[in-house]
Amino acid sequence: MSIHKYLEELTGYRKKFQQEKQNKDIKANTLTARERLLYLLDKDSFMEIGAFVSSGWENTGNIQQTPGREGVITGSGTIGKRPVYVFSQDFSVMGGSLGELHALKICNIMDLALKTGTPIIGLNESGGARIQEGINALTGYGNILNRNTLASGVIPQISVIMGACAGGAVYSPALTDFIFMISEKSRMFITGPQVVKSATGEDVNSQELGGAITHNQLSGVAHFIAQDEKACLDMVRKLCSYLPSNNTEPPPSTIAAPPLESVEKILDAVPTQPNKQYDVRNLLNFITDGSEILEVHRYFAQNVVTCFARLNGKTVGIVASQPCHLAGCLDIHVSDKIARFVRFCDCFNIPLITFVDVPGFLPGTSQEHGGIIRHGAKIIYAYAEATVPKIAVILRKAYGGGYMAMSGRSLGVDIVFAWPTAEIAVMGPEAAASVIYRDKIKNSNNPGDILYKKTKEYREKFANPYLACARGIVDDVIDPRETRDRLIHSLDILANKHDSRPFKKHGNIPL
Ligand code: HXC
């Protein structure tokens, strides 16, 4: 047979295998599985791997009978000219469900990603384990979940929920670093509304049960939300621009850009009255390159902002108290949010900057009974464990456990700055005065007056940054206008930081 005949045969097979069925939701302007990959990746960079994987060849010798590409397209490409591995599940093929060979294709590229230190991005839309393949499908999931765990902390793993995902199709994303969802389109649940109804009698629609708002705002399962498919994939590209390819590399640098805000106005960004609310994002506008941030968990546990940004062209992870939500208190959800973010940054060599204005942990039975002790300990653990450069800026309040969890020098924070408005103390002045002078206040004819005087005395004596400076737990009190320059300088002098920890198999973070 001439080479041309072989090529003709190849072209025929390719044509059959590359046939794309349209995803069902054509009205919602849904891209096909392949179109999604092509949109996500740099132009002309996609190379398919495993295009002919199919059970049809050996079972029937007839490729017509094979489910199209086993319901998933796998391969590699680039984002911002840096390599990534990708897969995209095709819901039009048996609901994107995962059979043995579907899993094998994903495992192949996961292995390549891990061996080459390259991020992996999964575009998920799948009903979970393919029911017809029984135990083989479950084994397939086991193989993926095992690789997700091995890859954790070695390469960034990103999951995008493009439509409905159930069963194993949510547990694999849950093991990855970041989950993106699309408003009114994505759904994630371990079982859908029908099963919920038959098991519990509860009537719930699929958006309420596991839509983008539910998981971005209530459960914290998802980290990012976008309006439509393209906006979501654009956001994935943006996230990639901040991240290194693996845990042995520094994050990529870009050309430095000044903030858009004039530095003088920073003096108005944080009110001097300790209890007055403000949005800490306004402050970040004076700090970050181009006044840009990429918020992680934007709608979950909003009492703290966690975001990626750049200072002088270099990626940093920022954790900032958010006084306009719950006064910036630490609570159960925010503990998970901070600990997870800090640990991601530590895995991937991203320096941490913490802006502190924290009255403490949120008191009350709902927090205590929900396990604030167990959850709050995660923040302490994550910061203490992190060996990347750690810098804190205390803006106003830094009281008690909140202070220690977010900026305690003794937890290994390398450089601590305080603004002149900082109050670093065991607790707020009024609470402190009412404990120390309890008897005096109780026995006085004018308890309000005594409390006021003692609160004032306490504030003047203890609630300032200078005492902490005198004990060496704050390195300097700075003019707010110097903040960005001091941070950039600190990042430079900490760039070669090496910090080791005692040998262990792994720690036992309180979960
Ligand atoms: C085989 C499946 C499938 C599955 C969906 N389909 N899920 N086929 N195995 N797991 C098929 C449907 O039969 C249908 O085929 C097509 O995909 C589209 O599904 P629809 O139900 O019509 O779509 P929709 O209404 O959008 O609902 C999507 C869905 C629903 C919410 C995902 O299909 C669903 O609830 N599926 C079952 C989910 C589930 O319970 N999975 C758990 C598996 S166990 P036709 O031919 O009609 O187009 C698991 C354990 C892993 O994953 C363990 C790891 C830890």
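The values are calculated or read from the model by the stated rules, or taken from the named source; none is laboratory data. Treat the numbers as computed from the prediction; the structure is a model and nothing was measured. Positions of Cβ are backbone-derived with ideal geometry, glycine not excepted, and every protein chain shown enters the neighbour counts. When the accessible area is computed, the model is the full protein with side chains, heavy atoms only, and any ligands, DNA or RNA have been set aside. Shrake-Rupley method; radii C 1.70, N 1.55, O 1.52, S 1.80 Å.
A few points about this structure:
- Computed from backbone phi with θ = phi - 60° and the Karplus coefficients 6.51, -1.76 and 1.60, the 3J(HN,Hα) list for the range 120-129 is 10, 10, x, 9, 9, 7, 7, x, x, 4 Hz; x is used for glycine and proline.
- Kirkwood-Stokes translational diffusion coefficient of the range 437-511, alpha-carbon pairs, 10 °C, 1.306 mPa s, µm²/s: 90
- Note on K265: lysines with a C-alpha under 20 Å away, same-chain residues under 8 apart excluded, are K276.
- Largest-first principal axis extents, alpha carbons of the chain, Å: 103, 55, 47
- What a 1.4 Å probe finds exposed on the chain is 55% carbon and sulfur by accessible area, rounded to a whole percent.
- By the Cα gyration tensor, the range 166-257 has an equivalent ellipsoid whose semi-axes, rounded to whole angstrom, run 33, 15, 9 from largest to smallest.
- Accessible-area value, L38, 1.4 Å probe, nucleic acids and ligands omitted, Å²: 100
- For the chain, the membrane-span-like helices by this rule, meaning whole DSSP H stretches whose C-alpha atoms cover at least 15 Å of axis and whose Kyte-Doolittle mean is -1.0 or above, are 100-116, 134-151, 229-242, 332-347, 372-385, 483-494; this says nothing about an actual membrane.
- The range 89-110 versus the range 210-264: alpha-carbon centroid distance in Å: 27
- The range 442-511 and the range 185-209: distance between their alpha carbon centers, rounded to Å: 46
- For G211, the amide hydrogen comes within under 5 Å of the amide hydrogens of M188, counting only partners 5 or more places away or on other chains and with H modelled in the peptide plane.
- Placed amide H near N285: partners under 5 Å, 5+ positions off or other chain: none
- Rounded to the nearest 500, the 222 nm mean residue ellipticity of the chain from helices alone is -11000 deg cm²/dmol, with -39,500 (n - 2.57) taken per DSSP H run of at least 4 residues.
- Between N146 and E202, the simple label model (points 7 Å from Cα in the Cβ direction) yields a spacing of 3.4 nm.
- Of all DSSP beta bridges in the chain, antiparallel share, percent nearest 5: 35
- Expected-Rg normalisation [2.2 N^0.38 Å, Cα atoms] applied to the range 95-150: 1.11
- Length released on extending from K81 to E261, taking residue separation times 0.36 nm less the Cα-Cα span: 61.7 nm
- Excluding ligands, DNA and RNA, the accessible surface per residue across the chain is 47 Å² with a 1.4 Å probe.
- Nearest-10 value in Å² for the accessible area of M404, using the 1.4 Å probe: 60
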